[in-house]
Amino acid sequence: MKEIRWHGRGGNGGFTSARLLGYAAALHCGKYAQAFPSFGPERRGAPVLGFTRIDSTPITDHSQVYACDCVIVLDETLLDVTDILEGLKEDGAVFINSAKPAAEFRKRPGVDKVRQLVTIDATAIALQELGANIVNTIMMGAAVGGTDLVTLESLEAAIDGSMSKALREKNKKVTRMAYEMVKGGKTK
């Protein structure tokens, strides 16, 4: 089973992307999936968690994800208020929305031991392509580009089946951009 933890802030789409990844796995890759949020104070800007589980067999565990294969951070300021590495498996991957290179984060205690650490300036992509600081589908594309949890085509199909027509093409475009950047090694 692959377990993914999403770190975001209320209102920036962390749970939406957790759910989209689950849809991609379950509806378009023939796998089993779960996606669920964990809210603290339910207000815009507060730290929130989202979780996705993906497996080839039925998933019977409905608890919070405590040991994860992948951590996706939608807002780098969360690194100052939460331990994003808690429960990360030894061979786990971390994807951070940041304009800083991964080497900057490797200076932090514990981060130097992360096997796969990818930073991508999802904020710049979002502002340029979407006209708003909405980074969730960009970070989803980056994580799938670095992990092969599902296929790019399944992500695009999940977006088609979940988003309004007005949002689909732009979100598929940024998802593909991030996926290709990570696959091609063009991240920091």
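The values are calculated or read from the model by the stated rules, or taken from the named source; none is laboratory data. What you see is a predicted model; the values in this text were computed from it and never measured. Cβ sites come from the backbone with ideal geometry, for glycine too, and all protein chains shown count toward neighbours. The area values use the complete protein model at the heavy-atom level, side chains included, leaving out ligands, DNA and RNA. Shrake-Rupley method; radii C 1.70, N 1.55, O 1.52, S 1.80 Å.
Return the residue satisfying two criteria in turn: it lies in region 178-188 and is modelled with pLDDT of 90 or more and open to solvent by 60 Å² or more (accessible area, probe 1.4 Å), and of such residues it is farthest from Leu20 (Cα to Cα).
Lys183
Here is a list of conditions, (1) assigned to a helix (DSSP H, G or I); (2) closer than 24 Å to Gly30 by Cβ, and Leu149 meets all of them except one; can you say which number that is?
Evaluating Leu149 over (1) assigned to a helix (DSSP H, G or I); (2) closer than 24 Å to Gly30 by Cβ leaves (1) as the failure.
Just the residues that are open to solvent by 10 Å² or more (accessible area, probe 1.4 Å) and either free of Cβ contacts under 8 Å to residues at least 24 places away in the same chain or among the aromatic types (Phe, Trp, Tyr) (or both), please, taken from region 84-98.
Within region 84-98, Glu86, Lys89 qualify.
Does Val81 qualify as being at pLDDT below 95, open to solvent by 60 Å² or more (accessible area, probe 1.4 Å) and among the aliphatic types (A, V, I, L, M)?
yes
Run Arg5 past the list (1) surrounded by 13 or more Cβ atoms within 10 Å (Cβ to Cβ); (2) more than 11 Å from the chain's Cα centre (by Cα) and report the number of the one that doesn't hold.
That leaves (2) as the condition not met.
Based on what the data block shows, is Ala24 in contact with a Ser or Thr (Cβ under 8 Å, 6 or more places away or on another chain), without any contact (Cβ under 8 Å) to a residue 40 or more places away in the chain and buried (at least 22 other Cβ atoms within 10 Å of the Cβ)?
Details: in contact with a Ser or Thr (Cβ under 8 Å, 6 or more places away or on another chain): yes; without any contact (Cβ under 8 Å) to a residue 40 or more places away in the chain: no; buried (at least 22 other Cβ atoms within 10 Å of the Cβ): yes.
Answer is no for this residue.
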